[in-house]
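Novice: Pasting a structure below so you can have a look.
The values are calculated or read from the model by the stated rules, or taken from the named source; none is laboratory data. Worth saying up front: this structure is predicted, and the values here are computed from it rather than measured. Cβ: placed from backbone, ideal geometry, glycine included. Neighbour counts: every protein chain shown.
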Amino acid sequence: MTSDIIIDVQGLTKSFGTKTVVDNLDIQIRKGEIYGFLGPNGSGKTTSIRMLCGLLKPNSGAGTCLGYDVIKDSASIKPHVGYMTQKFSLYEDLTVKENIAFTARIFGLENPSRKTDDCIERMGLKPFENQLAGSLSGGWKQRLSLGVCTLHSPQLLLLDEPTAGVDPGARRDFWDQVHTLASQGITALISTHYMDEAERCHRLAYIAYGKLLATGTVEEMILEAKLNTWSVSLKDTKASLHALSEQLKPLPGIDQVVAFGNTLHVSGRDATTLANSIAPFQHAQYKWSPIDTSLEEVFIDLMQQSKGDLA
């Protein structure tokens, strides 16, 4: 493993009984990279994260995390990782300061009182330090959790849907903090369902039903999808976008039709067949225009493909 590769695993597989939850996972993540992990619920994201930090042992596969073997040296990985779960996992009946101080002592940090005060200052938690953690808003709980999981100066952050249920402003602040940490050389693997968050990652992976379907930068994944996309809106208020959507979906060359506010996005891989299928609908009732394919269209397409593979 080269010094700038933090995670390098091949063929990681995990089954529970007869159900394979992660199937032959290969990923490589570099130092200081923010790596987004996307996929539908139950796709294997959390199980993958737990295997990488040594909480779960894979049935097969090999690789390293922070230079340690993920199977033989899993205990050596844990002290260097900050793991933030989707569910708030700190003590709700302790204050903010008590939670941080308790964690500092659990980690065996030198001068835990100073580390606690530094964390409170760094995360902007001073106004809430004596407030019970359970009474914080979702955004401040998230900020407290991030502060606690970075208390021991980890080299790697594993963040499992950390912004679920948090308002947009708090999500933006959270991502600003993650980018600050990345600029200091800390690596982050983050699972998310939000497309705006995915676009803030350096690289992405899409996993569905245990299989890694695509990986790369946002630009690479959009190019790889090879989708041509048109936007259509109404000119005639008597027309119906829903009715148009139902007419378009079964036509050749149309791989997806998705509503976006007062428009439909119509996508397909074969530009000529797509253009021929929408041509009869390019009249006075509708306004059509070609647009750049977005990351959301790509992930909708990947989800449809993965469902098709199971059929």
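Novice: Check 252, 290 and return the single one that is more than 19 Å from residue 206 (Cβ to Cβ) and touching a residue at least 60 places away in the same chain (Cβ under 8 Å).
Specialist: 290
Novice: Among the residues of segment 159-168 satisfying the criterion of being touching a residue at least 24 places away in the same chain (Cβ under 8 Å) and more than 15 Å from residue 188 (Cα to Cα), which is surrounded by the most Cβ atoms within 10 Å (Cβ to Cβ)?
Specialist: 166
Novice: For segment 215-248, give me the residue count where each residue is small (Gly, Ala, Ser) and either modelled with pLDDT of 95 or more or touching a Ser or Thr at 6+ places or on another chain (Cβ under 9 Å) (or both).
Specialist: Count: 5.
Novice: Filter segment 259-311 for residues that are under 24 Å from the mean Cα position of the chain (by Cα) and farther than 26 Å from residue 41 by Cβ and give the result.
Specialist: Correct list: 292 only.
Novice: Does residue 146 satisfy being aliphatic (A, V, I, L, M), closer than 26 Å to residue 76 by Cβ and assigned to a strand (DSSP E or B)?
Specialist: When the stated conditions are applied, residue 146 does not pass them.
Novice: How many residues does segment 191-204 hold that are at pLDDT below 95 and either assigned to a loop (DSSP other than H, G, I, E, B) or closer than 20 Å to residue 157 by Cβ (or both)?
Specialist: Count: 9.
Novice: Would you please name the residue that is nearest to the chain's Cα centre (by Cα), looking only at residues in segment 205-224 that are small (Gly, Ala, Ser) and in a strand (DSSP E or B)?
Specialist: Once the filter is applied, the top-ranked residue is 205.
Novice: Restricting attention to segment 53-86, which residues are at pLDDT below 90 and surrounded by 18 or more Cβ atoms within 10 Å (Cβ to Cβ)?
Specialist: Within segment 53-86, 53, 54 meet the criteria.
Novice: Also, I was wondering about something else. From the set of residues in segment 123-158 that are charged (D, E, K, R) and surrounded by 14 or more Cβ atoms within 10 Å (Cβ to Cβ), which is nearest to residue 176 (Cα to Cα)?
Specialist: 143
Novice: Something else: Confirm whether residue 120 is in the same structural domain as residue 45 (by TED's automatic domain parsing), loosely packed, with under 14 Cβ neighbours inside 10 Å, among the β-branched types (Val, Ile, Thr) and out of contact with any Ser or Thr (no Cβ under 7 Å at 6 or more places or on another chain).
Specialist: No; evaluated as a whole, the condition is false for this residue.
Novice: Which residue pairs have Cβ atoms closer than 7 Å, lie 6 or more positions apart in sequence or on different chains, and pair a first residue in segment 261-282 that is modelled with pLDDT of 95 or more with a second residue that is basic (Lys, Arg)?
Specialist: That search, which allows pairs on different chains as well, returns 269/226.
Novice: Follow-up question, since we're still on this one. Can residue 206 be described as without any contact (Cβ under 8 Å) to a residue 40 or more places away in the chain and either over 16 Å from residue 26 (Cα atoms) or buried (at least 19 other Cβ atoms within 10 Å of the Cβ) (or both)?
Specialist: no
Novice: Looking at segment 1-115, what strands (runs of 3 or more DSSP E) fall wholly within it and have at least 3 residues that are at positive phi and of a type outside the set (A, V, I, L, M, F, W, C)?
Specialist: none
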